[in-house]
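The values are calculated or read from the model by the stated rules, or taken from the named source; none is laboratory data. Treat the numbers as computed from the prediction; the structure is a model and nothing was measured. Please note: Cβ atoms are built from the backbone with ideal geometry, for glycine as well, and neighbour counts cover all protein chains shown. Quick note on the areas: whole protein, heavy atoms, side chains included, nothing else; ligands and nucleic acids left out. Shrake-Rupley method; radii C 1.70, N 1.55, O 1.52, S 1.80 Å.
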Amino acid sequence: MRGVADKGTDVKLASLKHGRDGRLVVVSDDLAWYADAGAIAPTLQAALDDWEDAAPRLAALAEDVNHEAIPRERFHERDAASPLPRAYQWADGSAYVNHVALVRQARNAEMPESFWHDPLMYQGGSDAFLGPRDPIPLGDPAWGCDMEAEVVVVTGDVPAGIDPVAARGKILLVGLTNDVSLRGLIPAELAKGFGFFQSKPSSAMSPVFVTPDALGARWKDGKLHGVLSVDLNGKPLGRADAGVDMTFDFGALIAHAAKTRNLGAGTIIGSGTVSNRDVDGGPGRPIAEGGLGYSCLAEVRTVETIRQGEPKTPFMQKGDTVRIWMDDDHHHSIFGAIEQTVA
């Protein structure tokens, strides 16, 4: 049973900045308060390594925090590191095939039929994630700094060859990420035939990761349902629904990653850029035109190329700020907000 999410485990977890791996805390449902979880596990990775024992104890602590049954302290998202400041593995998929199709359409490249039934995935750098309020370092504006708003899950131990439906049961935590991309470096790297490296610097994770049980009806069939909000410099950029147009659910992505290898507890799997089709099946429209907008600038520029013949929107420059979050039905933030300024 190790690595399988327990039913009734309703917990929100964060890591306050402390050393390399942070200090594990349990956060209240409204993200206003926290209690130290050190007596259960000093770090989130330690909790994931012994989830069968740690999960019910963390859930009990969460109940005490929410009912003010124990001393608690104010939770400030600015004090949080990424919940896993570093991880054994970070693999990012491309579950929203609409995004892939648009990017290829803009450069008149045919999309292989296999993309609809065989997920794309790359292995990213996981040795140092940025905190949710950390600046995005950019050495050269010509590198083409872009945000990518995505959903992530954290797994327990996953055996090689797992079935996609069974893989859903290995999901322990859910969160958000800003998967930073340097678009100006991508073409030359891909041309070498060895994949991303320099073009994919450190990503940032949401201040809080939550168990699937804490999401209620928003978590269904291995997908997170709800509007993923993205603002750029205080203006709405994206309002796509993460549960719509997701070709591959997280069970399928995990099974893809585990086809030939075991996955260790604490593996992070990303959804890829969240992307919705327009209501007419077209490439999508800006929010100002009544559309759902976009979760990255590459897609903005792609749609501009399709509609106008060339991109108009620049990539992020020094001083630009991106904010990524998801609200519940009562307009309360579920995971906290990623808010980063390009430095």
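When the range 14-38 is filtered for residues that are buried (at least 24 other Cβ atoms within 10 Å of the Cβ) and either within 21 Å of the chain's Cα centre (by Cα) or of a type in the set (D, E, K, R) (or both), the ones remaining, listed by number, are 14, 15, 24, 25, 26, 27. In the range 168-181, the condition of being touching a Pro at 6+ places or on another chain (Cβ under 7 Å) and closer than 18 Å to residue 275 by Cβ is met by at least one residue.
The set of residues in the range 107-151 being at pLDDT below 90 and part of a loop (DSSP other than H, G, I, E, B) consists of 107, 108, 109, 110, 111, 112, 117. Tallying residues that are out of contact with any strand residue (DSSP E or B) (no Cβ under 9 Å at 6 or more places or on another chain) and over 18 Å from residue 21 (Cα atoms) within the range 31-58 yields 4.
Are there any pairs, at least 6 apart or on different chains, whose C-beta atoms fall under 6 Å, with the first in the range 139-155 and in contact (Cβ under 8 Å) with a residue 40 or more places away in the chain and of a type in the set (Ser, Thr, Tyr) and the second open to solvent by 10 Å² or more (accessible area, probe 1.4 Å) and not in a strand (DSSP E or B), and if so, which? Every condition considered, the pairs that remain are 155/170. Residues that are part of a strand (DSSP E or B), open to solvent by 10 Å² or more (accessible area, probe 1.4 Å) and not aromatic (Phe, Trp, Tyr) within the range 325-340 comprise 327, 333, 339, listed in sequence order. Here residue 251 does not qualify as open to solvent by less than 10 Å² (accessible area, probe 1.4 Å) and either assigned to a loop (DSSP other than H, G, I, E, B) or out of contact with any strand residue (DSSP E or B) (no Cβ under 9 Å at 6 or more places or on another chain) (or both). Taking the stated definitions as given, is residue 87 among the aliphatic types (A, V, I, L, M), surrounded by 20 or more Cβ atoms within 10 Å (Cβ to Cβ) and out of contact with any Leu (no Cβ under 9 Å at 6 or more places or on another chain)? Criteria met by residue 87.
I want to confirm something. Restricting to the range 271-315 and keeping residues that are charged (D, E, K, R), assigned to a helix (DSSP H, G or I) and closer than 30 Å to residue 256 by Cβ, which single residue is least open to solvent (accessible area, probe 1.4 Å)? Looking at the filtered set, the residue picked out is 299. Residues that are of a type in the set (Ser, Thr, Tyr) and at pLDDT 95 or above within the range 60-106 comprise 82, 88, listed in sequence order. Looking at residue 100, is it under 18 Å from the mean Cα position of the chain (by Cα) and not in a helix (DSSP H, G or I)? It is false that residue 100 is under 18 Å from the mean Cα position of the chain (by Cα) and not in a helix (DSSP H, G or I).
Looking only at residues that are among the small types (Gly, Ala, Ser) and out of contact with any strand residue (DSSP E or B) (no Cβ under 6 Å at 6 or more places or on another chain) in the range 161-199, which one is least open to solvent (accessible area, probe 1.4 Å)? It would help to see each step written out before you state the result.
To start, the set of residues in the range 161-199 that are among the small types (Gly, Ala, Ser) comprises 161, 166-167, 169, 175, 181, 184, 188, 191, 193, 195, 199.
Among the residues that remain, those that are also out of contact with any strand residue (DSSP E or B) (no Cβ under 6 Å at 6 or more places or on another chain) are: 161, 166-167, 169, 184, 188, 191, 193.
On the way: 161: 58, 166: 54, 167: 0, 169: 31, 184: 45, 188: 64, 191: 86, 193: 62 Å².
Applying the filter and picking the extreme gives 167.
Residues in the range 183-241 that are β-branched (Val, Ile, Thr) and either part of a strand (DSSP E or B) or within 22 Å of residue 82 (Cα to Cα) (or both): 208, 210, 211, 227, 230.
Evaluated against (1) part of a loop (DSSP other than H, G, I, E, B); (2) farther than 28 Å from residue 43 by Cβ, residue 266 falls short on exactly one condition, (2). Taking the listed residues 171, 136, the one that is among the β-branched types (Val, Ile, Thr) and over 18 Å from residue 271 (Cα atoms) is 136, with no other qualifying. With at pLDDT 95 or above, out of contact with any Cys (no Cβ under 7 Å at 6 or more places or on another chain) and farther than 27 Å from residue 320 by Cβ as the only criterion, which of 200, 235, 259 stands out? Answer to the check: 259.
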